[in-house]
Amino acid sequence: MANPGGGAVCNGNLHNHEKQSDGSPSGNCAKNGIVREAQQNGKPHFYDKPIAESFEEAPLHVMVFTYLGYGLGTLFGYLRDFLRSWGIEKCNAAVEREEQKDFVPLYQNFENFYTRNLYIRIRDNWNRPICSAPGSRFDVMERVSDDYNWTFRFTGRIIKDVINMGSYNFLGLAASYDESMRTVKDVLEEYGLGVASTRHEMGTLDKHEELENLVAKFLNVEAAMVFGMGFATNSMNIPALVGKGCLILSDELNHASLVLGARLSGATIRIFKHNNMQSLEKLLRDAVIYGQPRVRRAWKKILILVEGIYSMEGSILHLPQIVALKKKYKAYLYIDEAHSIGSVGPTGRGVVEFFGLDPRDVDVLMGTFTKSFGAAGGYIAGRKELVDYLRVHSHSAVYATSMSPPVAEQIIRSMKFIMGLDGTTEGLQRVRQLAKNTRYFRQRLNEMGFIIYGNEESPVIPLLLYMPAKVAAFARHLLNRKIGVVVVGFPATPLAEARARFCISAAHTREMLDTVLENLDEMGDLLQLKYSRHRKSARPELYDETSFELDD
Amino acid sequence: MRPVQAAPAYHLILEGILILWIIRLLFSKTYKLQERSDLTVKEKEELIEEWQPEPLVPPISKDHPALNYNIVSGPPSHNIVVNGKKCVNFASFNFLGLLDNPRVKAAALASLKKYGVGTCGPRGFYGTFDVHLDLEDRLAKFMKTEEAIIYSYGFATIASAIPAYSKRGDIVFVDRAACFAIQKGLQASRSDIKLFKHNDMTDLERLLKEQEMEDQKNPRKARVTRRFIVAEGLYMNTGTICPLPELVKLKYKYKARIFLEESLSFGVLGEHGRGVTEHFGISIDDIDLISANMENSLASIGGFCCGRSFVIDHQRLSGQGYCFSASLPPLLAAAAMEALNIMEENPGIFSVLKEKCKRIHKALQGISGLKVVGESLSPAFHLQLKDSTGSREKDVKLLQEIVNHCMDRSIALTQARYLEKEEKCLPPPSIRVVVTVEQTDEELERAAHTIKEVAQAVLL
């Protein structure tokens, strides 16, 4: 085995994930180092595509104002609570039944402080109902509130053709019916909708088998198994894979489903800093060398839980380093490719293809069909032993209903489309279009001076807003200009880093993106959102991709 | 200087030594407790090399009974083609026969044409469609509650609802025969779980009394500890009905909230199919939360919770399966709405279903070697071995033989499946029999007859 000095991971030039200071002299893209991975089986495989990520820190005055804003909101919240408890202000929230007033209160007063006083003020920006397919444009139902967002009513008007920058529609496959969806219609008419049984009992249809074979072929692995819900795929299969006496190393910013699955499994959980390979390596070394705490026995197995693309940061996993680490320390790797399947990689096969690695290096490939395939559900793929084990022991296979047949058919159809099995190259074109759109949008936003997080090639783009009031103003103004965006605040993000999150789709045309960018430019000036302190390049024509060929 | 000179010599020497010792202690390095025997780098590398983890998954033998699924070709409706053979379906929970109802399919098709398949986002981020809001309204109106909330997966419904209210330090009294989804919800909530014997109200009262005595010892803690009773309307594992009137009495006596899981009883019990509350004639406001899945009677996918706004609204921000998961595809929501319409239009099907249940229940009495477990009202009941062979594996094999023979004679049955290592109170192995409205009387007779013959042949 290689010695640690010239070992599997070259830590010297590793991408340093800490937030950059504003003194960086480079232009739009911050190139942070070359990554090398030395294979253990003798064949040298060098991945030297630079990972270009940036997580710029905001100027100090922004943070001060953000905290001031929250402080003011909290003060007013206390004032309001006081007025409400003394009956001076009308209380609009629902209350407990008269007969149950002497029961222990269902909610602690403090738990809901944030919800009651800060979230309610701006909650018209979430849960916006739509009444069309979530394609590149959709129709939003107009709602107004007469009592400061406690209740809403629909005016009956529909805001038509709002540009959709919020739905996870990466390849533009979520659209209203057209002829290519004929097979879905046929399956619906033949099979019906429900299944009314579990996989183990009477719920395995031939459609599920067909789908599983196709997924395995798509990902280039031995076998795959599909489940009816993406969230449940994680929360019901991680407990089947690890249990007490095992160790889970989970990224700081993992999704709630991964956290829930890890907790339900009963294994010990240790957290490493987001995408930080030194932190992970330290944890791995400590785990292997010192074993379980107190009893000093060796761990039964170590499972590393990571995601392909992190949806709130837009960062892409550093896969080559993780694979090298996992091989050195004999850990198992579980990647949740909910956002990255279908959207990154030259042919849309996910992070493994994006970095040019072998899918057999990853032990458990998990993903969902909601985002790029326009359907619902999740899958787990890998070696045949793994999938057979899950077929027998997964909680979902024994107790939960299997996937609905028309949804399965939609996934089959989308996958064939992306793979080119339907006879056209449109699928591949869409993947390329998504990559082009992503690069263009990110580059323009950087030029305008916004702070954008994440990897250059990730189609999930968080734009930092910081202050809670700007969050509300941003979303409302843009809806008035017929652009639908998603804004996220606490608790999904850290308190001071509220953001707007754009999801680029292959269905967005250049005109749509330009419209959005123009409006964002105006909003940026109106709300003073252009915090970035990177100086723009002196040679802008080098970044104009329209005038020369890109090599993919 | 006088006191110093007046002191005896040994005293001065002692004090001098003490002062020097203090100075030494002050300036010496702090003593680190070496809890880990300092390993050299070489030893660490050796440890890393030597360590062998267990394989990620243990190997599964090829003929593990659970590995070979029954493959259904075509729709899983009344006449089902299992493993290539045409059978009558006694295994899918298609109680009201709505799986291949043309109206339901037409409604879903209309929705498919308008919205496509997926919703591409969670409810908070443009994943809320008008179809979802309509379905929630309809369900709330149907169940006569204030509000309803929809989940995209039946299992996730109760498994997300319980941890939204019950946290660490709260107490939950739950029946031993509760289904796996409830067990997972309880595990995720990290609360204190107290199991009471199945449907045994005296046992539950005993536990509640014990808790009351604990409360009197520590009234401050008692004032912030929430209590919940979780029960199922019709238990999936035993086919029995929960004694709801007694539960409600205990609720008011000991001030615990009731969460009812009505997956099997929604659309089955009660005059209009509203579930066990209608069956017993109890006001629905007495139950804090009713959770059901739409995968049985409503022949769709997903689940819902209904109750007062005060209770249900909380899940919109803290129900994990609601906030962090994509919403239900609109075509499934439209199908559920149409199924609900059908349920409202002909309330006569519930009594038809009850009749059929009673009929087959009677017909299956007196089979040699098998006993019927479940009430005569329950459309999903179990057939267990009267005398177990002693080992669960052998029992499972015997029952599987019976099932296989029945399938050869065109009656599709299945064994009730459990995860043996994960269940808290593992029920004994059994064959699950499901009665649906679509089964004709001849088919019911034939099924009973077949099971009787096969059981005799296999068990004797």
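The values are calculated or read from the model by the stated rules, or taken from the named source; none is laboratory data. Just so it is clear, the structure is predicted and the values come from calculations on it, not from any experiment. Cβ sites come from the backbone with ideal geometry, for glycine too, and all protein chains shown count toward neighbours.
Could you list all residues from region B:310-327 that are at the interface with another protein chain (Cβ under 8 Å from one of its Cβ atoms) and among the hydroxyl-bearing types (S, T, Y)?
Selection gives B:S325 alone.
State the number of residues belonging to region B:151-198 that are in contact with an Asp or Glu (Cβ under 9 Å, 6 or more places away or on another chain) and in a strand (DSSP E or B).
Looking only at that region, the number is 7.
Note down all Cβ pairs under 8 Å where the first residue falls in region B:438-451 and is among the hydroxyl-bearing types (S, T, Y), the second is buried (at least 20 other Cβ atoms within 10 Å of the Cβ), and they're at least six residues apart or on different chains.
Close Cβ pairs (under 8 Å, with a partner that is buried (at least 20 other Cβ atoms within 10 Å of the Cβ)) amount to B:T450/B:C406; B:T450/B:I411.
For region A:235-272, enumerate the residues that are in a loop (DSSP other than H, G, I, E, B) and hydrophobic (A, V, I, L, M, F, W, C).
Result: A:V242, A:C246, A:L253, A:A267.
Tell me which residues, restricted to region A:251-279, are of a type in the set (S, T, Y) and surrounded by fewer than 23 Cβ atoms within 10 Å (Cβ to Cβ).
Scanning region A:251-279 gives A:S265, A:T268, A:S279.
Going through region A:174-186 one residue at a time, which ones are facing another protein chain (nearest Cβ under 7 Å), surrounded by fewer than 24 Cβ atoms within 10 Å (Cβ to Cβ) and either of a type in the set (S, T, N, Q) or assigned to a loop (DSSP other than H, G, I, E, B) (or both)?
Correct list: A:A175, A:S176, A:Y177.
Just wondering, is there one or more residues in region B:96-110 that are of a type in the set (A, V, I, L, M, F, W, C), more than 7 Å from chain A (Cβ to nearest Cβ) and in a loop (DSSP other than H, G, I, E, B)?
yes
I need the helices (runs of 4 or more DSSP H) fully contained in region A:296-397, keeping only those with at least 2 residues that are within 29 Å of A:E426 (Cα to Cα) and outside the structural domain of A:P459 (by the TED database).
A:351-354
Is there a residue being buried (at least 20 other Cβ atoms within 10 Å of the Cβ) and modelled with pLDDT of 90 or more anywhere in region B:363-371?
no
Among the residues that make up region A:385-399, is at least one of them touching a helix residue (DSSP H, G or I) at 6+ places or on another chain (Cβ under 7 Å), touching a residue at least 24 places away in the same chain (Cβ under 8 Å) and of a type in the set (D, E)?
no
If I ask for residues that are of a type in the set (D, E, K, R), over 15 Å from B:Y69 (Cα atoms) and facing another protein chain (nearest Cβ under 7 Å), which ones from region A:379-397 would you list?
Across region A:379-397, the qualifying residue is only A:E385.
Tell me the residue from A:P406, A:P459 that is in contact with a Pro (Cβ under 9 Å, 6 or more places away or on another chain) and buried (at least 21 other Cβ atoms within 10 Å of the Cβ), please.
Just a single option satisfies the conditions, and that option is A:P406.
Among the listed residues A:V144, A:V95, A:V104, identify the single one that is among the hydrophobic types (A, V, I, L, M, F, W, C), in the same structural domain as A:T515 (by the TED database) and over 17 Å from B:C120 (Cα atoms).
Going through A:V144, A:V95, A:V104 in turn, just one is among the hydrophobic types (A, V, I, L, M, F, W, C), in the same structural domain as A:T515 (by the TED database) and over 17 Å from B:C120 (Cα atoms): A:V144.
Could you give every pair whose Cβ atoms fall below 6 Å, whose first residue belongs to region B:175-197 and is farther than 17 Å from B:A164 by Cβ, and whose second residue is hydroxyl-bearing (S, T, Y), counting only separations of at least 6 or pairs across chains?
B:A177/B:Y235; B:A177/B:T238; B:F180/A:Y399
So if I check each of A:G348, A:G308, A:G374, which one is of a type outside the set (D, E), away from chain B (no Cβ under 14 Å), surrounded by 24 or more Cβ atoms within 10 Å (Cβ to Cβ) and within 23 Å of A:V488 (Cα to Cα)?
Only one candidate qualifies: A:G308.
Return yes when A:R116 is outside any loop (DSSP other than H, G, I, E, B), of a type in the set (K, R) and buried (at least 16 other Cβ atoms within 10 Å of the Cβ) and no when it is not.
yes
Hey, among A:E252, A:E201, A:E210, A:E189, which residue is within 10 Å of chain B (Cβ to nearest Cβ), farther than 29 Å from B:H382 by Cα and at pLDDT below 95?
After applying the criteria, what remains is A:E189.
Condition first: more than 14 Å from chain B (Cβ to nearest Cβ) and within 22 Å of the chain's Cα centre (by Cα). Now tell me which residues in region A:398-426 satisfy that.
Scanning region A:398-426 gives a single hit, A:I418.
So B:R36 fits all but one of (1) surrounded by fewer than 10 Cβ atoms within 10 Å (Cβ to Cβ); (2) modelled with pLDDT of 85 or more; (3) facing another protein chain (nearest Cβ under 9 Å); what number is the exception?
(2)
Looking at region B:263-292 only, could you name the residues that are among the aliphatic types (A, V, I, L, M) and surrounded by fewer than 21 Cβ atoms within 10 Å (Cβ to Cβ)?
B:I282, B:I284
May I ask you to list the residues in region A:215-234 that are within 8 Å of chain B (Cβ to nearest Cβ) and in a helix (DSSP H, G or I)?
A:G230, A:F231, A:A232
Within region A:286-295, how many residues turn out to be of a type in the set (V, I, T) and outside any loop (DSSP other than H, G, I, E, B)?
Here the count works out to 2.
So which of B:G118, B:G124, B:G74 is on the phi > 0 side of the Ramachandran plot, at the interface with another protein chain (Cβ under 9 Å from one of its Cβ atoms) and surrounded by 14 or more Cβ atoms within 10 Å (Cβ to Cβ)?
Only one candidate passes the filter, namely B:G74.
Could you pull out every one of the helices (runs of 4 or more DSSP H) wholly within region B:310-362 that has 1 or more residues that are among the basic types (K, R)?
The helices (runs of 4 or more DSSP H) meeting that bar are B:315-318.
State all residues of region B:361-380 that are out of contact with any Ser or Thr (no Cβ under 8 Å at 6 or more places or on another chain) and of a type in the set (K, R); if no residue qualifies, say none.
Correct list: B:K371 only.
Residue-by-condition table, conditions (1) surrounded by 23 or more Cβ atoms within 10 Å (Cβ to Cβ); (2) in contact with a Leu (Cβ under 7 Å, 6 or more places away or on another chain); (3) of a type in the set (S, T, N, Q):
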residue	(1), (2), (3)
B:E401	no, no, no
B:N404	no, no, yes
B:A412	yes, no, no
B:Y418	no, yes, no
B:V433	yes, yes, no
B:D441	no, no, no
B:E445	no, no, no
